[in-house]
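Undergrad: Here it is, the structure, as structure tokens.
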Amino acid sequence: MHLRKIRNRPTSKLNTTFINQVVEELRADPSKISIIQNNLEQYRSQTHLKRGFLLAIERFDWVFEASTDINFICQQILADDYIGNRLRRYPLLFKGVISRV
């Protein structure tokens, strides 16, 4: 019998700050969800993506199918569960949501 060792990956402070800024931006302007959807389409069309990245895209699809409510989507992004962790692991999916001044 083999016991699997569970690795706890520490979330970087920089990534946490970025994700919180993304969520604030989405709540302020829900139309920015389209930026994430465009990113998903762009990455989905690429042929050589890591399996984890593909899973993150698939999980985002699930979230969008479950609800179009911005509060629900933000809760899913921030959730401390499998889906939330998977979504936050790939910050490129949120590229362009935060407006740089």
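The values are calculated or read from the model by the stated rules, or taken from the named source; none is laboratory data. Owing to the predicted nature of the structure, the values given are computational and were not obtained by experimental measurement. A quick note on method: Cβ atoms are made from the backbone with ideal geometry, for glycine too, and the neighbour counts reach across all protein chains shown. When the accessible area is computed, the model is the full protein with side chains, heavy atoms only, and any ligands, DNA or RNA have been set aside. Shrake-Rupley method; radii C 1.70, N 1.55, O 1.52, S 1.80 Å.
Undergrad: Does region 79-89 hold any residues that are open to solvent by less than 40 Å² (accessible area, probe 1.4 Å) and not charged (D, E, K, R), and which are they?
TA: A79, I83, G84, L87
Undergrad: How many of the residues in region 68-78 are open to solvent by less than 30 Å² (accessible area, probe 1.4 Å) and at pLDDT below 95?
TA: Counting residues in region 68-78 that are open to solvent by less than 30 Å² (accessible area, probe 1.4 Å) and at pLDDT below 95 gives 0.
Undergrad: Here's a check for you: in region 1-50, which residue that is among the charged types (D, E, K, R) and at pLDDT 95 or above is least open to solvent (accessible area, probe 1.4 Å)?
TA: K32
Undergrad: Ok, one more. Restricting to region 15-32, give me the number of residues that are farther than 20 Å from N85 by Cβ and in contact (Cβ under 8 Å) with a residue 40 or more places away in the chain.
TA: 4
Undergrad: Quick one: would you say I83 is modelled with pLDDT of 95 or more and within 9 Å of the chain's Cα centre (by Cα)?
TA: No, not satisfied.
Undergrad: Where residues in region 51-67 are farther than 10 Å from R86 by Cα and touching a residue at least 24 places away in the same chain (Cβ under 8 Å), which of them is surrounded by the most Cβ atoms within 10 Å (Cβ to Cβ)?
TA: V63
Undergrad: Restricting the first residue to region 72-101 and requiring it to be assigned to a loop (DSSP other than H, G, I, E, B), which pairs with a second residue that is surrounded by 14 or more Cβ atoms within 10 Å (Cβ to Cβ) and among the charged types (D, E, K, R) meet a Cβ separation below 6 Å and a spacing of at least six or different chains?
TA: V97/E25; V97/K32; I98/E25
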